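Worksheet: one structure, shown below.
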Amino acid sequence: MGADIPRFVRLKCSVKRYGWGKAGKESGVARLYANNSGEEINGDEPYAEFWIGTHESGPSYAVLPVEANGEFQNGGLENGCKRGFCDLVSLKDYIEQNPSVLGDKVLKKWGPNLPFLFKVLSVAKALSIQAHPDKDLAAILHKQQPGVYKDDNHKPEMALALTEFKALCGFVGLEECKDVLQTVPEIIEVVGTASADQVLRISKEDGEEKLKEVLQSLFTKLMSAGKGVISEVVFKLISRLNIKQEVRELTDKEELVLRLEKQYPRDIGVIAAFLLNYVKLNSGEAIYLGANEPHAYIHGECLECMATSDNVVRAGLTQKDLDVQTLCSMLTYKQGFPEILRGVPSSPYIVKYVPPFDEFEVDQCILPQETSTAFPAVPGPSVFLVVAGDGTMRMGSSEELVAKGDVLFTPANTEINVETTSGLRLYRAGVNSSFFE
């Protein structure tokens, strides 16, 4: 296979049907997956995540033309498997058999594996309050509980909004935290006045470590409270907010809390939401999250790119297993509103999103009718996802017609030209440009 590597490699990708996903044709994930796989959409079923990558929990498969007389049947790539001209090989196996597609520097750093995982999310119902461990903790958790923590890698990530996208992300700043304690008496009922007073009396002049210590104590007491206590206090909270709602005096955060409680009745995450930043992204805006930062995606559709990992530590807004002790001990307890990335134009039609992580970056390409653009050659591999429209992609003498739902893997050190007559919207994920500097 190695001598005759197809220049473009089409990918058949995995779907995740988690309960929080949008159902049927309302889900952007469902529509992409249907186009990518040829499967019919089940109208009642949730379609939550569309995975592009090599992680064993949701692998992608390379569509490779069958060799005949030592040569590839070119028709296989263009026509998928409809006429029996191709084999499906896991992308991981394909890369292991053809490691040069990664480029020398990527291969040396991460071995014969794609260092990033690219997803599309369709969120109807809030995901759990969660964080992802750093590499050291991931190795420990994977060794201790391999059935829960599937790998030993860290999982920094970036979410790029495709529609309006709402999330909880990181702890609110100190002054807002004090305001929460003064206006949400139910929190003090859980943690006690002594713990609340510690926060109310502290100032930035006390130093970062002291701030972290006090916030960690408050958050840990809140998240560790017994189910009976939480159930009673959430009931009081919701009753109070319902009275406020009758006179239309609710804040955005209070409205969110009411929605969360309907999704996860009497859950600790309903109260914890007050301590986290409520972020609303417009299409084309992004946030990034390092290891050990708390977050919960609330509603909307987004692209998500991350290091290749599926490790999640959960502590609220879920029926899944919780690991409150691990979550509360691992968090950084940084405070303040997260940075919103709006991308940097790299050409008239391409905007680049570069988070502070080596493993990945994302390009957004929106081509109007009768236009073209080029993605310069980069020293690492790329995957391209078409989310709307159709067009033609070229790499040297290789050419592919592409449309919504198509996913293409391209090797390192190759320039990609794209053109469209009717309009085209696609995204590229690749290794962070700064890694090659």
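The values are calculated or read from the model by the stated rules, or taken from the named source; none is laboratory data. Bear in mind the structure is a predicted one, so any value in this text is a computation, not a measurement. Neighbour counts run over all protein chains shown; Cβ positions are idealised from the backbone, glycine included. Only protein heavy atoms, including side chains, enter the accessible area calculation; ligands, DNA and RNA are left aside. Shrake-Rupley method; radii C 1.70, N 1.55, O 1.52, S 1.80 Å.
Computed values, structure above
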{"read-out": "Residue ranges of helices (runs of 4 or more DSSP H) in region 192-272 with at least 3 members without any contact (Cβ under 8 Å) to a residue 24 or more places away in the chain and loosely packed, with under 13 Cβ neighbours inside 10 Å", "value": "193-201, 227-246"}
{"read-out": "Count of region 348-368 residues which are closer than 16 Å to residue 437 by Cα, surrounded by fewer than 22 Cβ atoms within 10 Å (Cβ to Cβ) and not hydrophobic (A, V, I, L, M, F, W, C)", "value": "2"}
{"read-out": "Enumeration of residues in region 394-424 that are within 26 Å of the chain's Cα centre (by Cα), touching a residue at least 60 places away in the same chain (Cβ under 8 Å) and crowded, with 18+ Cβ neighbours inside 10 Å", "value": "404, 405, 406, 407, 408, 409, 410, 411, 412"}
{"read-out": "Residue satisfying all of: in region 7-22; among the small types (Gly, Ala, Ser) and touching a Phe, Trp or Tyr at 6+ places or on another chain (Cβ under 8 Å); most open to solvent (accessible area, probe 1.4 Å) among these", "value": "14"}
{"read-out": "Residue within region 252-268 that is in contact with a Gly (Cβ under 9 Å, 6 or more places away or on another chain), under 30 Å from residue 26 (Cβ atoms) and β-branched (Val, Ile, Thr) present", "value": "yes"}
{"read-out": "Breaking point among (1) modelled with pLDDT of 95 or more; (2) touching a strand residue (DSSP E or B) at 6+ places or on another chain (Cβ under 9 Å); (3) charged (D, E, K, R), for residue 92", "value": "(2)"}
{"read-out": "Of residues in region 332-371 being acidic (Asp, Glu) and in contact with a Lys or Arg (Cβ under 7 Å, 6 or more places away or on another chain), the one farthest from residue 109 (Cα to Cα)", "value": "363"}
{"read-out": "Enumeration of residues in region 363-384 that are closer than 17 Å to residue 422 by Cα and part of a strand (DSSP E or B)", "value": "365, 366, 367, 371, 372, 373"}
{"read-out": "Any chance residue 392 is under 25 Å from residue 37 (Cβ atoms), assigned to a strand (DSSP E or B) and β-branched (Val, Ile, Thr)", "value": "yes"}
{"read-out": "Tally, over region 32-48, of residues that are surrounded by fewer than 21 Cβ atoms within 10 Å (Cβ to Cβ) and not polar (S, T, N, Q)", "value": "8"}
{"read-out": "Residue within region 128-145 that is of a type in the set (Val, Ile, Thr) and open to solvent by 10 Å² or more (accessible area, probe 1.4 Å) present", "value": "yes"}
{"read-out": "Considering residues of region 146-168 that are of a type in the set (A, V, I, L, M) and modelled with pLDDT of 90 or more only, the residue most open to solvent (accessible area, probe 1.4 Å)", "value": "162"}
